[in-house]
Structure formats: C-alpha cells, structure tokens
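S.K.: Sharing a structure, written as structure tokens. Questions coming.
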Amino acid sequence: MSLFGEKCARCGTKTRHEVDGKATCEACEKEMELLVEASKEESRNCPIDGTRMSKEIAHMIVIDRCPNCHDVWLDGGELERLKGGVEASALMAMANGFTVPFG
Ligand SMILES: [Zn+2]
Ligand SMILES: [Zn+2]
C-alpha cells in the first residue's frame, strides 16, 4: 500500500482503505457488505415473466432486477430507506440501469 493510497479494486476511486489486503474504498466496502447480506436472501422471480431476478446495488440500496424485462423491484425495507431521502439519484440510477454512477 503506497503512502498516497491506491485505487479501489472495485470502482477505481483513490483510497487508503483496505479490505482483505485489497484497496477498497469505504463506499465499496459498505456495498459489498450489503451484497453479502442480500445474497443470503432468496432471489425472487419477476412477477411479470417469472424470470429469476438478480440482486444489484444502487447507491447503497439493494434492488432486484429482472434480466429479461429489466424491471426493478425493491424490498419493503429499501422503500423505507428511500423515504428517508436516499433519493432521487438512486432512483435515477435504477431507471437508467446504471448501478455505478458516472464521474
Ligand atoms: Zn470503491
Ligand atoms: Zn421480468
């Protein structure tokens, strides 16, 4: 690890934070924790076409996305967090299919 920090292995942001010996920024560490949590939950099937949905993270919110019709579904708890003001930016990301923000 260099004095000036390294690039996060996941998103490329400069960071001095490390997880398991790999440069990982704190935001990514939190997201990975969320994904680990999410992976313990059952995947659900798309209510429209029955395709098994995959879990994604958008701005710290776990979402289920159907790979077939690209619809996005939120758990009840995630809706609560949205109400708490997490946001327009997360909704935009979901709507546009970007789970990693630009720039
Ligand atoms: Zn990162
Ligand atoms: Zn679907």
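S.K.: Return a yes/no flag: does the range 21-38 have any residue that is assigned to a strand (DSSP E or B) and away from ligand 2 (no atom under 16 Å from the Cβ).
M.R.: yes
S.K.: K40 - would you say it is within 10 Å of the chain's Cα centre (by Cα) and away from ligand 1 (no atom under 16 Å from the Cβ)? Write out each step before concluding.
M.R.: On the way: within 10 Å of the chain's Cα centre (by Cα): no; away from ligand 1 (no atom under 16 Å from the Cβ): yes.
Answer is no for this residue.
S.K.: Hey, another quick one. Out of the range 39-71, which residues are surrounded by fewer than 18 Cβ atoms within 10 Å (Cβ to Cβ) and under 24 Å from C11 (Cα atoms)? Walk me through how you get there before you give the answer.
M.R.: Initially, the range 39-71 is screened for residues surrounded by fewer than 18 Cβ atoms within 10 Å (Cβ to Cβ), giving 39-45, 47-52, 54-55, 60, 67-71.
Selection gives S39, K40, S54, K55, M60, P67, H70.
S.K.: For the range 71-92, state whether one or more residues are modelled with pLDDT of 90 or more, out of contact with any Phe, Trp or Tyr (no Cβ under 9 Å at 6 or more places or on another chain) and of a type in the set (G, A, S). Before the answer, list the steps.
M.R.: As a first pass, look at the range 71-92 and keep what is modelled with pLDDT of 90 or more: none.
No; the residues of the range 71-92 include none that is modelled with pLDDT of 90 or more, out of contact with any Phe, Trp or Tyr (no Cβ under 9 Å at 6 or more places or on another chain) and of a type in the set (G, A, S).
The values are calculated or read from the model by the stated rules, or taken from the named source; none is laboratory data. Values in this document were obtained by computation on a predicted structure and should not be read as measured data. We place every Cβ from the backbone using ideal geometry, glycine too, and count neighbours over all the protein chains shown.
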